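The values are calculated or read from the model by the stated rules, or taken from the named source; none is laboratory data. Small disclaimer: the values here were computed from a predicted structure and weren't measured. Please note: Cβ atoms are built from the backbone with ideal geometry, for glycine as well, and neighbour counts cover all protein chains shown. Accessible surface is based on the protein model in full, side chains and every heavy atom, while ligands, DNA and RNA are left aside. Shrake-Rupley method; radii C 1.70, N 1.55, O 1.52, S 1.80 Å.
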Amino acid sequence: MTTTRITVPVEGMTCASCSGRLERVLSKLDGVEAASVNLATERATVELREGSAPKVIVEAISAAGFEVPASSIRLHISGMTCATCSGRIEKVLGKQAGVLAAQVNLASEVATIAYTPGTTSPDKLIKAVDNAGFVAKIAPTDEAERLRVEAEAYDRTQRELAILVGSALLTLPLVLPMLLMPLGVHWEPSPGLQLALATPVQFIAGSRFYRGAYASLRGGSANMDVLVSLGTSAAFALSVVLMISGGHLYFESAASVITLVLVGKWLEGHAKRSTTQAIRTLMALQPDTARVERDGDIVEVPSQAVSTGDIVQVRPGERVPVDGSIVEGTSQLDESLITGESLPVTRGAGDAVTGGAINGSGLLRIEATHVGSTSTLARIIRMVEDAQATKAPIQATVDKVAAVFVPTVMAIAAVTLLGWFLAGAGLETALINAVSVLVIACPCALGLAMPTALMVGTGAAASSGILIKDAVALELAHNISTVVFDKTGTLTQGYPTVREILAIDDADRMLQRVASAQQGSEHPLARAIEDRAEGVQRSPLSNFQALVGRGITAVIDDEPIWVGSRRLMAERGIDLGALNAKASQLESQGNTVMWVASEDALTGYIAVGDPIRESARRAVTILRDIGVEVLMLTGDNHATANAIAQQLGIENVIAEVLPADKAAAITKLRREGSVIAMVGDGVNDAPALATADVGFAMSTGSDVAMHTASITLMRPVPTLVAYAIDISKATTSKIRQNLFWAFFYNIVGIPLAAMGLLTPMVAGGAMAMSSVSVVSNALLLRGWRPSSH
């Protein structure tokens, strides 16, 4: 009996008992010949009898309490001509076993598919697309592969241009009589010559439309190719009949429609390639080679061959090949194309550098920390590509219209033919008017209206240091009514310093004990203590405990110590006494006071200040100017929070909020009907970032925050929040303009054609230019720059 082996990844197994239980469950399934589960590799291998569905395996694993993680793949698809094609492919992929979601971007010609491993495979998905009448390949993942694909696309474009030129030269004599008529010249090619000129245009230059129509109809749908091939074939066939029976010929209509549509398609393709300019610019940042120190020599190797821990030399004027840390040398680095920061930044030993940055005048030795797909540049490219592959919510409505568009147009053409014929206009007039209806209708403009604007918008944002995760975030951002900023690390620099130490008894001993206790803390305030106590001997630490939102406690030299907020002192029943007035004054200046106590008595306090970011006040001003309310959300006490807010011009402050309660505060604001954006950088901001309508994370913050947020700011500059809203508004405006013109064009053009007011040639030209105008309008976003306020 024929069997198929499938291997499925499994998550959630913790011990041999788990793998053994799952193996028994799988072995008992109908259709399973044998099953084995490997705990070390976290994979289940199953021999499945022919005719058995792989999804049964996945369902059994889930029912047993484990999980099969989804995989994703990107396919490059050629052969799509309009929104009907992309919609058809989405349906085909969506019906494949194991496919969880599929999105097809007409503008980038890329399909993004999420699927359950083991239930299907990339080969099966490619075959499904091929069977639908299109050509699918794995989308390129590295620079060399991308260059090869671009070279193939260039060769294809050149062939299309050659066909277009030939078609135009053959069509020119056919339309020349119409062009000469206003000049008083009456000349017309003989019927035989017209047939000889029109035939290669119809069946050679127009063969792409016949192939596309056949593939579309074979797949059970109708697209733009069906409309063009049906309309031009009708005009061509009518002309052949009239050659025999006598009458005006319409070869020029068929040939001119094909030529004009080819012109439109060539211009459209050229414009579509321009929408991916941002991605190509980012890819070009990584140099092809790197100089690596190996066994005392400098060896030049491909950048992709550099390993973590390698020491790389970067000469003045060269691009840094990998993410790393400078081990020797000082220089100024131009990171403008990565972070959007126009001014070079000075980096020295111990500083982190990003691959793709341009080295200034110094020679640097860099230890590679992140290479290949884990590098900052690779992650930026992946995020931009993922954003461009997603669809905005409004696209679902457009897709529904596109799905019925071609059948509706064919029905209108049939009604036009019948109506004119029954009205006594004759078959010739009725057929030509029906042809005009077929060739003027354009589902391409509908399909390109949104994805082209999204691609250019996300690319322009990335060039300014704003990484947008998906189309939903881009669409929501323009409606933001309230921006909530976390304080530490967002509005402030996140690098606090000790401003004052006041102890009741011995300040040096208190600092030593606090520094010893802070050894177990990752809080930014702890780093300030560590810096101040540099060189001070630390004592052994035990019983360390972080008291969320309040402070820490530990045992130092067998004596307990408590370090934290006023709330912590109140909980302990510690009287702040005479130090309270001085501490309150420091808090009113924006400093954070950490109180220090022993088991039952106050020891003193340490005041720490965190400088405000230079651009923070300007960010607040810009947001207010565009009508956005600004709030500050912080765990600091009211005095410190209000002092910082007053310096920044923020009127609304929510203070003394525990990290666990930040999300609840965002939820409460959302219930009031506002569209809320949360801006943060820490792990404790992640729940609030996820709860907000739009989450903004600083790239200098935690990975958890960046993973949770829908928009990442590549520079710790709060003004980028306002700029993100600005690019969202600009992109949304372009989407609306494109959709308006796409619908308006069809709503006006089709009735005019049905009424006989447009010739097929004019209709074909209008159709060709409609999609070009939509893509060209989207490309205007490439000129977007952050507004100056």
Can you tell me which of 317-325, 409-417 comes out highest on packing, and rank the rest after it, using the mean Cβ neighbours within 10 Å? 317-325, 409-417
One finds, for Glu33 and Ala411 with R0 = 35 angstrom and r their Cβ-Cβ distance, a FRET efficiency to the nearest 0.05 of 0.10
Within the range 492-509, backbone nitrogen closer than 17 Å to the virtual label 7 Å beyond the Cα of Thr369 toward Cβ: 495
How do Lys28, Lys127, Lys734, Lys137 rank by accessible surface area computed with a 1.4 Å probe, from largest to smallest? Lys28, Lys127, Lys137, Lys734
Give the relative contact order (percent, whole number) for the chain; include only Cα pairs under 8 Å separated by 6+ residues. 12
Output row, site Glu571, 7 Å Cα→C-beta label point, backbone N cut-off 12 Å, window the range 636-670, residues 658-659
Using only helices, what value at 222 nm comes out for the chain when you add -39,500 (n - 2.57) per DSSP H run of length 4 or more and divide by the total residues, to the nearest 500 deg cm²/dmol? -15500 deg cm²/dmol
If you put +1 on each Lys and Arg Cβ and -1 on each Asp and Glu Cβ, how big is the dipole of the chain around its Cα centre, in Debye rounded to 20? 2500
Of the listed values [x] 33.3, 117; [y] 41.6, 135; [z] 27.1, 91, grab the one calculated as Rg and Dmax of the Cα atoms in Å from the structure here. [x]
Could you work out how far helix 376-389 tilts from the main Cα principal axis of the chain, as a 0 to 90 degree angle to the nearest 10? 50
With point charges of +1 on the Cβ of Lys and Arg and -1 on the Cβ of Asp and Glu, referenced to the Cα centre of the chain, which listed residue (Leu658, Leu180, Thr712) lies farthest in the positive direction of the dipole? Leu180
Quick one: accessible surface of Leu364, probe radius 1.4 Å, all protein chains present, in square angstrom to the nearest 10. 0
Solvent exposure ordering (accessible area, 1.4 Å, most first) of Arg347, Arg509: Arg509, Arg347
How charged is the neighbourhood of Ala663? Take every other residue with its Cβ under 15 Å from the Cβ of Ala663, and add Lys/Arg as +1 and Asp/Glu as -1. 0
Roughly what would the spin-label model give for Val185 and Leu169, points 7 Å off Cα along C-beta, in nm? 2.0
Any chance you could run the full-extension gain for Val704 through Ala352? It's 0.36 nm times the residue separation minus the Cα-Cα distance, nm to one decimal. 124.8 nm
At 1.4 Å probe size, with no ligands or nucleic acids counted, give the accessible surface of Arg532 in Å², nearest ten. 120
Normalised contact order of the range 638-754, rounded percent, pairs of Cα under 8 Å and 6 or more residues apart: 14
To the nearest 10 degrees, how steeply does helix 143-180 sit against the main Cα axis of the chain, on a 0 to 90 scale? 30
Applying 1/(1 + (r/R0)^6) with R0 = 22 Å to the Cβ-Cβ distance of Leu100 and Arg21, what FRET efficiency is obtained, to the nearest 0.05? 0.30
Label-point separation (nm) for Ser776 and Val299, each offset 7 Å from Cα along Cα-to-Cβ? 5.4
For a protection proxy built on the mean count of beta-carbon atoms within 10 angstrom, sort 355-361, 228-234 highest first, please. 228-234, 355-361
Additional length obtainable on full extension of the chain from Asp558 to Ser62, 0.36 nm per residue less Cα span: 173.5 nm
Against the longest alpha carbon principal axis of the chain, how many degrees, from 0 to 90 and to the nearest 10, is the axis of helix 638-648 turned? 50
Per-residue accessible area for Met767 at 1.4 Å probe radius, Å² rounded to 10? 10
The farthest towards the positive end of the charge dipole of the chain, of the residues Val241, Gly756, Ala271, given +1 on Cβ of Lys and Arg and -1 on Cβ of Asp and Glu, is Val241
For Tyr723, Tyr210, what's the largest-to-smallest order of accessible area, 1.4 Å probe? Tyr210, Tyr723
Quick check on the chain: of the DSSP beta bridges with both residues there, what percent are antiparallel, nearest 5%? 80
The range 340-466 - percent relative contact order, Cα under 8 Å, separation 6 or more: 30
Can you list the residues, at least 5 places off or on another chain, whose amide H is less than 5 Å from the amide H of Arg613, using H built in the peptide plane? Thr492, Gln493
